[in-house]
2 protein chains.
Amino acid sequence: MKTKQADQSRSTILQSAFCEIHRKGYQAASIANILHDTGLTKGALYHHFPTKQSLGIAVVDEIIGERLAKLLFEPIRQSERPIDALLHLISHIDKQVPADFVMLGCPLNNLMQEMSALNPEFKSSLNGILKQWRDTIEWALVTGQKQNDIRSDVDAKSAALFIVSAWEGCIGIAKNMQSNSAFKSCMKQLHGYLAGLRTD
Amino acid sequence: MKTKQADQSRSTILQSAFCEIHRKGYQAASIANILHDTGLTKGALYHHFPTKQSLGIAVVDEIIGERLAKLLFEPIRQSERPIDALLHLISHIDKQVPADFVMLGCPLNNLMQEMSALNPEFKSSLNGILKQWRDTIEWALVTGQKQNDIRSDVDAKSAALFIVSAWEGCIGIAKNMQSNSAFKSCMKQLHGYLAGLRTD
DNA sequence: ACACATCCATACCGGTCGGTATATATTCTG
DNA sequence: CAGAATATATACCGACCGGTATGGATGTGT
């Protein structure tokens with residue numbers, strides 16, 4: 001079976017679309033630009049993706065979702081002490097991510113801000129990833145409570161929602177300031193908030 | 001002097017541009033759409049604003065900046081106990097703002113996410129407002145420390161940065177979830193964080 | 001009342017956009 | 001190897017975009 005070449009084209013386009021969207025946003029992303037880097041043409045793109053929107057959704061599901069899963073969800077889920085894993089991620093996330101991610105912002109958050117109020121299909125895909133994130137952190141907090149590591153009076157669901165919100169907020173503010181050090185300082189405060197939920 | 005009519009036209013356009021940008025974002029905002037509601041035409045718009053960008057910057061400086069100043073900065077600055085004012089704002093901000101603001105997001109944050117990495121002029125205008133916000137909260141924290149209301153070991157600058165970040169993060173997440181109750185829950189956690197900075 | 005500046009409407013322009021129709025390669029299947 | 005299905009290239013389309021040129025209306029200072 002030699003669909004290999006076709007799959008290769010599809011993922012080349014997907015990757016290029018991810019970069020263009022990350023830099024310009026979805027609406028400002030240009031099909032022509034996406035194709036220019038790849039050497040492919042519209043024939044290839046519209047064979048694999050019926051519309052620009054379907055390409056955008058595929059970027060969300062297959063690139064952004066996968067990356068977050070590998071970077072955040074799995075390390076927490078697979079840890080025996082998930083709170084420690086979470087604290088470690090919050091402290092060292094800036095080293096595990098490409099350098100331009102603070103300058104360009106979190107791809108997930110960028111698209112949420114741009115598209116959620118405009119397009120229900122984007123919203124539901126993005127919301128799915130966001131929910132995985134919240135659920136992972138909530139699970140970590142509940143597990144921490146069982147391990148007597150997190151205070152039992154902590155509302156895990158609300159705290160998880162806040163941690164994700166603050167996390168994205170830190171990236172967003174750092175992006176606006178175009179400042180890596182602001183990002184680190186901000187995440188340190190988030191680390192302090194989470195540490196404050198631990199048992200004394 | 002009958003420049004009244006001209007000023008009226010200018011501010012009508014400005015207001016309509018604010019709505020369109022708030023709904024669609026700057027890049028997707030259409031000059032034709034902005035004008036459609038107003039009954040004016042391109043002649044009027046390009047008389048008052050040389051380019052679309054200058055219109056966008058004017059929206060930031062004259063509408064968004066002014067609103068935030070009236071809504072947040074002034075109440076804190078004018079309070080005798082600014083921490084109380086800040087806590088009160090965090091608790092009740094959802095009642096002081098149009099109902100669609102959670103659904104459409106914070107106009108400041110929306111534009112920061114969209115434009116800061118793309119356009120230096122937008123970035124500097126937006127950053128100016130953001131700095132006022134941070135400085136106001138930092139001032140509130142320092143004043144709180146002088147009043148023995150905030151612990152002296154709190155790093156006011158970092159905490160202020162985090163509070164603004166988390167604040168915007170809460171709005172952003174709530175916007176994606178299109179959920180007013182998520183916003184309130186999230187702001188309640190922020191309230192808890194700030195309350196945790198107080199002296200015991 | 002006349003000249004002048006301000007203010008705004010209309011028509012138009014080149015460029016870019018997402019998307020399509022069609023023809024041609026390439027690969028899979030019998 | 002023939003034929004069918006898949007995969008890609010090319011040329012083209014209408015819609016919309018921001019911006020401009022021009023001319024007319026309206027007030028303003030003298």
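Bear in mind that the values in this text are calculations on the coordinates, not laboratory data. Keep in mind it's a predicted model, so treat the numbers as computed, not measured. Here Cβ is always computed from backbone atoms with ideal geometry, including for glycine, and neighbour counts include all displayed protein chains.
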*How far is A:H88 from the same spot in each other copy, in nm, shortest first, if each label point sits 7 Å from Cα toward Cβ?*
4.6
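Across the range B:42-183, how large is the tail of the calculated P(r) beyond 26 Å, expressed as a percent of all Cα pairs? If you can, show how the numbers build up before the last one.
Details: 3107 of 10011 pairs.
The calculated P(r) of the range B:42-183 puts 31 percent of pairs beyond 26 Å.
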_Descending semi-axes in whole angstrom, ellipsoid equivalent of the range B:43-117, from the Cα gyration tensor_ = 30, 15, 11
*Reduced Cα scattering model of the range A:1-49, Debye log10 I(q)/I(0), q = 0.21, 0.33 Å⁻¹*: -0.67, -1.29
*If you put a point 7 Å past Cα along the Cβ direction, how far is that point for A:D37 from the same point in each other copy, in nm, smallest first?*
3.6
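For the protein assembly as shown, what is the Kirkwood hydrodynamic radius in Å, using each pair of distinct C-alpha atoms?
Values: mean 1/r = 0.0446 Å⁻¹.
In the protein assembly as shown this quantity evaluates to 22.4 Å.
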*Computed FRET efficiency, Cβ-Cβ of B:Q53 and B:D200, R0 56 Å: what is it to the nearest 0.05?*
0.65
_Alpha-carbon centroid distance for the pair the range A:112-129 / the range A:173-200, whole angstrom_ = 26 Å
*Relative to the longest principal axis of the C-alpha atoms of chain B, give the angle of the C-alpha long axis of helix B:180-195, reported between 0 and 90° and rounded to the nearest 10°.*
40 degrees
*Name the cysteines of chain A that stand alone by the Cβ rule: no other cysteine Cβ under 4.7 angstrom.*
A:C19, A:C106
*After finding the eigenvalues of the alpha carbon gyration tensor for the range B:100-195, what semi-axes result from the square roots of 5 times each, listed largest first in whole Å?*
25, 20, 8
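How big is the dipole moment of chain B about its Cα centre under a simple scheme where the beta carbon of each Lys and Arg is +1, that of each Asp and Glu is -1, and everything else is neutral? Debye, nearest 20, please.
Numbers: 22 positive and 20 negative charges, 67 e Å.
So the magnitude is around 320 debye.
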*How would you classify the range B:3-102 from its alpha-carbon gyration tensor, with a ≥ b ≥ c the square roots of the eigenvalues: rounded for a/c under 1.5, else prolate if a/b is greater than b/c, otherwise oblate?*
prolate
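Peptide A:154-166: average number of partner chain Cβ atoms within 10 Å per residue?
So the per-residue partner count for this stretch is 6.
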*Which whole-number percent is the relative contact order of chain B (Cα, under 8 Å, 6+ apart)?*
22 percent
*Specify, for chain B, the residue whose C-beta is closest to the rotation axis mapping it onto chain A, with the distance given in whole Å.*
B:G169, 1
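Compute the relative contact order of the range B:1-49 as a whole-number percentage, counting only Cα pairs closer than 8 Å that sit 6 or more residues apart in sequence. Provide the component values of the computation, followed by the final result.
Details: 25 pairs, mean separation 18.7, N = 49.
Relative contact order here is 38 percent.
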_Amide H of B:I150 versus every other amide H placed in the peptide plane: which residues, excluding those fewer than 5 positions away on the same chain, fall under 5 Å?_
B:Q145, B:T199
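Can you check what the Kirkwood hydrodynamic radius comes to for the range B:158-198, Cα pairs only, in Å to one decimal? Provide the component values of the computation, followed by the final result.
Working: mean 1/r = 0.0969 Å⁻¹.
After inverting the pairwise mean of 1/r, the radius is 10.3 Å.
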